[in-house]
Amino acid sequence: MTTPTHIVQLNGFARSPLVDVARPYEDQIRFSVRRMDGAKLWAYSLWRAPDGADLLAEIPFSEEYIQCAGDAEGVTVEVRVVDEAGTAHQYTVGKPTGGDDAEPTETIRWDEGRHSTKVHPHEVFTLDEAADLFVAYYRDDHVPSDHTLREI
């Protein structure tokens, strides 16, 4: 096992270091995201731990992260970034293939349907597509530049 560098959060409350005990980090991310069923696991978040953090002593939050919610029918992915001025911005991520100014029309549900949000069609991801975004974020601390970001 190598030293964890990232933290994961499940369903908005259960936080732990991302570990590579059962499988390599990127495989663990893919495994976890692909398990999202909208009931037992309906939200997944990932962020980089501060340099030098002792993740056995404390699980710190971050102002910057990637998160998703949904199930096998579709998930919404969001990123939060802090600009150079220190202002935080939350974005819904979209596929490179689209974008429009019309109102969102697709509904993503999670937590057994207790919560939902509307997104544009190009902002609905499969679990595999979402897993790819999380792996890219794990590697580079941002989503690929060809994806769209809509501030929310």
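When shorter helices are ignored and each DSSP H run of at least 4 residues is given -39500 (n - 2.57), the per-residue value for the chain at 222 nm works out to -5000 deg cm²/dmol.
In region 25-109, taking the dipole from charged Cβ atoms about the Cα centre, the farthest positive-side position among 67, 107, 28 is held by 28. With each label modelled as a point 7 angstrom along the Cα→C-beta vector, the residue 126-residue 140 pair spans 2.2 nm. Over region 46-114, Cα pairs under 8 Å with separation of 6+ residues give a relative contact order of 25 percent. Select one label from (i) 8.9; (ii) 11.1; (iii) 9.4: the one whose number is mean projected area of the Cα convex hull in nm² as derived from the coordinates shown. Of the labelled values, this structure produces (iii). Suppose every K and R has +1 on its Cβ and every D and E has -1 on its Cβ; what is the size of the dipole of region 54-116 about the Cα centre, in Debye to the nearest 20? In debye, rounded to 20, region 54-116 gives about 140.
Extension gain for residue 106 to residue 39 (0.36 nm times residue separation, less C-alpha to C-alpha distance): 22.2 nm. Given +1 at the Cβ of Lys and Arg, -1 at the Cβ of Asp and Glu and no other charges, the dipole of the chain around its Cα centre is 540 debye to the nearest 20. For the chain, the solvent-accessible area with a 1.4 angstrom probe is 55 square angstrom per residue. Rolled with a 1.4 Å probe across the full set of protein chains, the surface gives residue 95 an accessible area near 50 Å². Taking +1 at the Cβ of each Lys and Arg and -1 at the Cβ of each Asp and Glu, which of 2, 130, 152 sits farthest along the dipole of the chain towards its positive end, judged by Cα position relative to the Cα centre? After comparing all options, I get 2.
Each Lys or Arg adds one and each Asp or Glu subtracts one; over the other residues with Cβ under 13 Å from the Cβ of residue 11, this totals 0. Given a 10 angstrom Cα cut-off, can you work out which residue in 132, 71, 27 is the most mobile in a GNM of the chain? For the chain, modelled as a Gaussian network with Cα springs under 10 Å, the answer is 27. Under 10 Å, Cα contacts only: if you run a Gaussian network model on the chain, which one of 18, 46, 56 comes out with the highest mean-square fluctuation? Comparing 18, 46, 56 in the GNM, the peak value goes to 56. Just the number, please: carbon plus sulfur as a percent of the accessible area of the chain, 1.4 Å probe, no ligands or DNA/RNA counted. Ligands and nucleic acids excluded, carbon and sulfur give 49 percent.
Using the Cβ-Cβ distance between residue 16 and residue 116 with R0 set to 41 Å, the FRET efficiency from 1/(1 + (r/R0)^6) comes to roughly 0.95. Here region 98-152 and region 11-44 have alpha carbon centers that stand 17 Å from each other. Can you tell which of 26, 84, 73 shows the greatest fluctuation in a Gaussian network model of the chain with Cα springs below 10 Å? Among 26, 84, 73, the largest mean-square fluctuation in the Gaussian network model of the chain belongs to 84. Positive-end ranking of 90, 119, 44 along the dipole of the chain, with charges on Cβ about the Cα centre, is headed by 44.
The values are calculated or read from the model by the stated rules, or taken from the named source; none is laboratory data. Please read all numbers here as calculations on a predicted model, not as lab measurements. All Cβ positions, even for glycine, are placed from backbone atoms using ideal geometry, and neighbour counts span all protein chains on display. The protein model used for the area step is the full one, side chains on, heavy atoms only, and it has no ligands, DNA or RNA in it. Shrake-Rupley method; radii C 1.70, N 1.55, O 1.52, S 1.80 Å.
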